[in-house]
Amino acid sequence: MLQVTSKLPDIGTSIFAVMTRLANEHGAINLSQGFPDFDCDPALVEAVARAMRDGHNQYAPMPGVLALREAIAAKVTRCYGAPCDADGEVVVTSGATAGLYATLTALVQPGDEVLLFEPCYDSYVPVVRLSGGTPVFVSLRYPDYAVDWDAVRAAITPRTRLILVNTPHNPTGTVWSADDMRQLAAIVDGTDIVIVSDEVYEHILFDLRRHESVLRYPELRRRAVVVSSFGKTFHTTGWKVGYCVAPPPLMAEVTRVHQFVTFTVHTPTQVAFAEFLTRDPEATALAGFYQARRDRFLSLTSGSRFVPLACAGTYFQLLDYSAISQDADRSVAEWLLTTHGVAAIPVSAFLYRDTGGPVLRFCFAKKDETLEAAAGRLSRV
Ligand code: PMP
Ligand code: GLN
C-alpha cells in the first residue's frame, strides 16, 4: 500500500461540493453552493465565441490580455478613485480562488501569522497553512457579525504578516463601513502588514450602500492585494475568471507565483470580458437585480418559522432556525435537505474555533420559480 503523507490531513471535501452532490442525489432544491441557476447574458457568450472565431485561441500574455487589464485598471479608477496601471498592477487569474492562492503563497512565509475574521471563506485557511503560516482568528459573532476592533488590536503581534478581509462578506452578508476601513488603516499604520481584500461581491450591496473597497483608501491601497471575480458580476461562476490588483512590489511577487499556478487564463473569455467591462464598469444593474431577489426570498419565507438576519450584500441570506431546532447547524442542514428537500450551507463550515449561531446560509441567486418552490418547502418546516 502506497503511503501518502497529507499536507492537509484534517481538511475534507469542500462543503459546497458536498452539499451540491447531496442536493442532486436527493433531488433537493439547491440553495447551498453560491451560483445562479439562470444564464448569463447571451451576448457575452456570443462575444466569447466571436473571440474564438477571430483567432484569439493561443496563450494570452502571462498577466492577462492587455485590453482586459486596461479595462480593470479603468474600472478601479472609476469606481474607487484609485489610479491603477494596467502594466504591473493587475493580473488576471483563474477565478478569485487562484488569485487568493497565488497571493497567499507569494506573501506568507513559514511562521508568519495571518489574521482572519471567522466565519471565513473556505479556501483561506488551507492556503495559509500550505504556506507554513499560522491562522489567527478574530470572531465575527452571531447575530450582527460586527468587527470588534479591540479584539483585532489584541490579536496583532510582531509576527502578523497579513490581514485577510472580505467585504461584502460570505457567508454572513454583512458589509464593512467607512469607519471599519479607517480602523483597519489605523491598525496597520507604521507596520509592514499586508492587506489581502477579497471583494468578489463588490457590486452586490443593497439599500444604496457603498462598497468600501480598500482601493478607496490610499494608506490601505499601498499595502493591499485586492481580489475579485467576474463569476459573481457576470453570472459566470463556471468560467473561473478573476483578478488581483496590487501596487508593483506586491504584484511582482503575486505574478511570480501566478505564472506557475495557471500561467495564463482562457484567452477568448478575457477578450469578451474586456469588452463587457469597458461597457459597464460599475455593473449598474447588478445591485438592484439581487436586491429584488433578496426581497422576493424574504417575502416568500416571511410566513415560515425561519427568521432572517440582516443581509446588506452578497447573494446569501442567513436564516435563524432556533424556533425550529436546537441542534447543530450541520445536522439541521442535513435534516432540511433529506426531509424537506432544500439544501443550505451550515455556517459552521466557515468556522475553526467558534461554534457559531443557529443559522443556515441560503443562496438567493435563483429564478423566481426556484425561490418560490424552496420557500414553499421552508414554510412547511
Ligand atoms: N471568495 C469568496 C468570498 C467567494 O464567495 C468565492 C466564491 N464564490 C470566491 C472567493 C472564489 O471565487 P471564484 O469562483 O472566482 O474562484
Ligand atoms: N463561493 C461559492 C459559495 O460560497 C462557491 C464556491 C465553490 O463552490 N468553491 O457558495
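The values are calculated or read from the model by the stated rules, or taken from the named source; none is laboratory data. On a predicted model such as this, the values are computed, not experimentally measured, just so you know. Using ideal geometry, Cβ is built from the backbone for each residue, glycine included, and neighbour counts are taken over all protein chains shown.
Worth pointing out:
- The stretch 203-250, residues that are touching a Lys or Arg at 6+ places or on another chain (Cβ under 8 Å), more than 17 Å from Val265 (Cα to Cα) and within 16 Å of ligand 2 (Cβ to nearest atom): His203, Ile204
- Just one residue in the set Pro135, Pro110 is away from ligand 2 (no atom under 16 Å from the Cβ), free of Cβ contacts under 8 Å to residues at least 60 places away in the same chain, surrounded by fewer than 21 Cβ atoms within 10 Å (Cβ to Cβ) and of a type outside the set (Gly, Ala, Ser); that residue is Pro110.
- In the stretch 308-331, the qualifying residues are those that are in contact (Cβ under 8 Å) with a residue 60 or more places away in the chain, away from ligand 1 (no atom under 16 Å from the Cβ) and of a type in the set (A, V, I, L, M, F, W, C), and the one that is surrounded by the fewest Cβ atoms within 10 Å (Cβ to Cβ) is Ala310.
- Residue within the stretch 341-354 that is farther than 29 Å from Glu199 by Cβ and acidic (Asp, Glu) present: no
- Checking each residue of the stretch 268-285 against the condition of being buried (at least 20 other Cβ atoms within 10 Å of the Cβ), assigned to a loop (DSSP other than H, G, I, E, B) and either within 21 Å of the chain's Cα centre (by Cα) or basic (Lys, Arg) (or both) gives no match.
- Residue, surrounded by the most Cβ atoms within 10 Å (Cβ to Cβ), within the stretch 113-127, restricted to residues that are of a type in the set (Asp, Glu) and within 19 Å of the chain's Cα centre (by Cα): Glu118
- Condition check for Ala344 on (1) touching a helix residue (DSSP H, G or I) at 6+ places or on another chain (Cβ under 7 Å); (2) within 17 Å of Gly173 (Cβ to Cβ); (3) surrounded by fewer than 18 Cβ atoms within 10 Å (Cβ to Cβ); (4) not polar (S, T, N, Q): one failure, at (3).
- Screening Ala292 with (1) farther than 18 Å from Asp87 by Cα; (2) surrounded by 17 or more Cβ atoms within 10 Å (Cβ to Cβ) gives one miss only, at (2).
- Being away from ligand 1 (no atom under 16 Å from the Cβ) and touching a helix residue (DSSP H, G or I) at 6+ places or on another chain (Cβ under 7 Å) holds for only one residue in Val138, Val114, Val127, Val92, and it is Val138.
- Residue match in the stretch 332-352 (condition: away from ligand 1 (no atom under 16 Å from the Cβ) and on the phi > 0 side of the Ramachandran plot): yes
- Residue pairs meeting the criteria (Cβ under 8 Å; at least 6 apart or on separate chains; first free of Cβ contacts under 8 Å to residues at least 24 places away in the same chain, in the stretch 12-39; second in a loop (DSSP other than H, G, I, E, B) and within 11 Å of ligand 2 (Cβ to nearest atom)): Ala17/Gln33
- Val125 vs. criteria farther than 17 Å from Arg221 by Cβ and either within 16 Å of ligand 2 (Cβ to nearest atom) or touching a Pro at 6+ places or on another chain (Cβ under 9 Å) (or both): yes
- Any hit, the stretch 178-196, residues being within 14 Å of the chain's Cα centre (by Cα) and either at pLDDT below 95 or within 16 Å of ligand 1 (Cβ to nearest atom) (or both): yes
- Filter pass, Phe260 being at negative phi, in a helix (DSSP H, G or I), surrounded by fewer than 22 Cβ atoms within 10 Å (Cβ to Cβ) and more than 16 Å from ligand 2 (Cβ to nearest atom): yes
- Cβ-Cβ distances below 6 Å connect the following pairs, each with a first residue in the stretch 181-203 that is closer than 19 Å to Val227 by Cα, a second residue that is among the basic types (Lys, Arg), and a separation of six or more residues or different chains: Val194/Arg223; Ile195/Arg223; Val200/Lys232; Tyr201/Lys232.
- Residue list for the stretch 226-276, filter: small (Gly, Ala, Ser) and more than 19 Å from Glu199 (Cβ to Cβ): Gly238, Ala252, Ala272, Ala274
- Residue identified as touching a Pro at 6+ places or on another chain (Cβ under 7 Å) and within 16 Å of ligand 2 (Cβ to nearest atom) among Ala349, Ala365, Ala374: Ala365
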